[in-house]
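We did not get these values from a lab; they are worked out from the coordinates using the rules stated. Keep in mind that what you see is a predicted model, and the values were worked out from it rather than measured. Counting neighbours? That spans all protein chains shown, and the Cβs are built from the backbone with ideal geometry, glycine included.
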């Protein structure tokens, strides 16, 4: 999928999220105990993470719990403040502006127009007491939509795309199954045709048949919309099925990166080897 | 009349009035913005119009003519007591005629008679924050106003439309002031909301319990939030008229006639209704809601005695 001449739609450089002031040891790149500085107890949720996402590509992010995968995603979606680092989106000012150093209005614009996010926990991404239509329309309203009929038309289109019956558009997501809630989240994330879709453990907690439907949906979305997807999962089967390239994270750092088949069939880092072998 | 040697003019001390006036100036300078102020204790319970009273007491002068209405009525207990308090500690003239008044303190209604440049309408507000229905945290609503993040407010309108096919907000309909702040116009009915737009008069809003003041200066754009293809609609009284004065195209209260059991309509604005009847009868109006002939016959309006009579 990656082509040398192509510009990445999303480029991240040195993304660091730190909880604590740090000390000379950890600030100068000293070894950490897990992701915590052994001297000052500062937690390095992400440490100098670099990543590139190319047009139409699915980039997988794998790692154990606490490795910084979700922090990476939420930082890119401005849910968490970033300590250091820069990121560029081709769709935003033609890639000429660091998105982390924009004002609140600009960040809101990026969230509403250029990126879509699907959270692991639907409660974070949906208003459980509002109708499904309202949940999706929220994204359209945030992007400046003020025509009721146009927005409702778009909501119908999106619900059909994720195979939710139109008759259920007035029901709140709290009445839906986990898989349906994730599909409502996906349709909400797609509402404004974003250039980048961030998927954070979308299949976690779902049974296998529902997982398969959601994964099929993601594959179809990529084909139909040509959207670039950053996919976080701790499930290597999901990564193998969907991701073109993969980065492996451990203790807040990227320890290995490459084509998914290469990572899973010929892992180089001892942790990746352990991860792959524990699966097999 | 309260002994003036024991109370300052207009009850509040001068420093309190000055502080409230400063807040009012800021509110007028930033239309729709909620200005915090040090709400004072008053001889009336919080939530009974203390915000409105404090504004009234701060801006009133000896030459002013005061009108106080509560849900359109000049004669409700709340309106009468507020009128008594202000009249007792200022000595100003009180009236039920909207045209005669220079200061009108009100709750839930804006008078039917269009207001003039030299008039000030003071509205009592229970919940000044329009975003409270979507966000309980004050710190978050402040940030939302700062960022003009009103999507959740629009979403509530969308929800109403998608679930019920119409917007079900009957009062406190959110409005956009000069395209910047979303404001709660106080619990006035939707019928009154358009009166705020491009008005000749100054509107001041006081919330004593919530300690907030805000304002709509004259000739300010006050537009109810509405989708492009679903326009704002006020209550429709087409085909109905006041049984007392025959007025049409006014805000009407629906009542059940205790004698016949029929549903009947009366003007919500009792001062307006009484004036129309007095003019129609060509008689001198003596007090709120009663003409000479009605007084002789005992009257057919349920409002009872006027505020001035109760005060006596």
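Given a Förster radius of 60 Å and the C-beta distance between residue B:264 and residue A:94 as r, what FRET efficiency does 1/(1 + (r/R0)^6) yield to the nearest 0.05?
0.30
Please rank A:44, B:48, fewest neighbouring Cβ atoms within 10 Å first, as an exposure proxy.
So the ranking, lowest neighbour count to highest, is B:48, A:44.
Any idea how far the Cα center of the range A:70-88 sits from the one of the range A:154-175, in Å?
Comparing the Cα centres of the range A:70-88 and the range A:154-175, I get a distance of 31 Å.
Calculate log10 I(q)/I(0) of the protein assembly as shown for q = 0.11 Å⁻¹, where I(q) comes from the Debye formula with a single equal point scatterer on each Cα and nothing for solvent.
For the protein assembly as shown, the Cα-only Debye profile gives -1.00.
Per DSSP helix of 4 or more residues, -39500 (n - 2.57); summed, then divided by the residues of chain B. What does that give at 222 nm, rounded to the nearest 500?
Computed mean residue ellipticity for chain B: -8500 deg cm²/dmol.
Counting DSSP beta bridges in the protein assembly as shown, what percent are antiparallel, to the nearest 5?
Close to 55 percent.
Could you order the peptides A:176-189, B:193-206, A:78-91 from most to least packed, using the average number of other C-beta atoms within 10 Å per residue? Don't jump to the answer; show the numbers that get you there.
Details: A:176-189: 22.8, B:193-206: 20.9, A:78-91: 17.7.
Per-residue mean Cβ counts within 10 Å order the peptides as A:176-189, B:193-206, A:78-91.
Could you work out how far helix A:208-225 tilts from the main Cα principal axis of chain A, as a 0 to 90 degree angle to the nearest 10?
80 degrees
For the range A:90-176, what is the Kirkwood estimate of the hydrodynamic radius, computed as the reciprocal of the mean inverse distance between distinct Cα atoms, to one decimal in Å?
Hydrodynamic radius (Kirkwood, Cα only) of the range A:90-176 equals 14.5 Å.
What does the helix-only formula give at 222 nm for chain A: each DSSP H stretch with n ≥ 4 adding -39500 (n - 2.57), the total divided by the residues, and the result rounded to the nearest 500 deg cm²/dmol?
-10500 deg cm²/dmol
By how many degrees, 0 to 90 and rounded to 10, does the Cα axis of helix A:148-161 deviate from the longest principal axis of chain A?
Its long axis makes an angle of about 60 degrees.
What ratio of Cα Rg to 2.2 N^0.38 Å holds for chain A?
Working: Rg = 19.0 Å, N = 280, 2.2 N^0.38 = 18.7 Å.
Ratio of Cα Rg to 2.2 N^0.38 Å: 1.01.
Averaging sequence separations of C-alpha pairs under 8 Å and six or more residues apart, then dividing by the length of chain A, give the relative contact order as a whole percent.
Relative CO of chain A lands at 25 percent.
Starting from the Kirkwood radius over alpha-carbon pairs of the range A:76-226, derive D by Stokes-Einstein at 37 °C in a medium of 0.692 mPa s and give it in µm² s⁻¹.
For the chosen part, D equals 205 µm²/s.
Which residues does the label zone of residue B:219 cover in the range B:102-123, counting backbone N under 13 Å from a point 7 Å along Cα→Cβ?
Of the residues in the range B:102-123, B:117 have backbone N under 13 Å from the label point off residue B:219.
Based on the Cβ-Cβ distance from residue B:229 to residue A:237, what FRET efficiency comes out when R0 is 41 Å, to the nearest 0.05?
Approximately 0.30, to the nearest 0.05.
Two decimals is fine: what is log10 I(q)/I(0) at q = 0.09, 0.19 Å⁻¹ for the range B:1-149, from a Debye sum with one equal scatterer on every Cα and no solvent?
Values returned for q = 0.09, 0.19 Å⁻¹ are -0.31, -1.23.
Hey, got the average number of other protein chain Cβ atoms within 10 angstrom for residues in A:137-150?
Per residue, the number of nearby Cβ atoms from other chains is 5 on average.
Relative to the longest principal Cα axis of chain A, at what angle does helix A:270-279 sit, 0 to 90 degrees, rounded to 10?
So the helix axis and the longest Cα principal axis differ by about 50 degrees.
Round to a whole angstrom and tell me the spacing of the C-alpha centers of the range B:115-194 and the range A:202-280.
Using only Cα atoms, the two centres lie 46 Å from each other.
If we count other beta carbons within 10 Å of each Cβ, what is the order of A:73, B:144, fewest first?
B:144, A:73
So what are the three principal axis dimensions of chain B from its Cα atoms, in whole Å, longest to shortest?
The Cα atoms of chain B stretch 60, 55, 31 Å along their principal axes.
How many percent of DSSP beta bridges within the range A:10-279 run antiparallel, rounded to 5? Don't skip to the answer; put the middle values down first.
Working: 20 of 38 bridges.
Once the DSSP bridges in the range A:10-279 are tallied, antiparallel ones form about 55 percent.
Projected area of the range B:191-249, taken from the Cα convex hull and averaged over every viewing direction, in nm²?
It is 6.7 nm².
Can you pull the one-decimal nm distance between simple spin-label points at residue B:117 and residue B:88, each 7 Å off the Cα toward Cβ?
My value for the distance between the label points is 3.8 nm.
By counting other Cβ atoms within 10 Å of each Cβ, how are A:46, B:273, A:23, B:89 ranked from fewest to most?
Fewest-to-most Cβ neighbours within 10 Å comes out as A:23, B:89, B:273, A:46.
For chain B, what is the percent of antiparallel DSSP beta bridges, rounded to the nearest 5?
60 percent
Given a Förster distance of 25 angstrom, what is the FRET efficiency for residue A:64 paired with residue A:219, based on the Cβ-Cβ distance and rounded to 0.05?
Calculated value: 0.45.
Within a 10 angstrom radius of each residue's Cβ in B:158-168, how many Cβ atoms of other chains show up on average? Whole number is fine.
Details: counts 13, 11, 1, 7, 12, 7, 1, 0, 0, 0, 0.
So the per-residue partner count for this stretch is 5.
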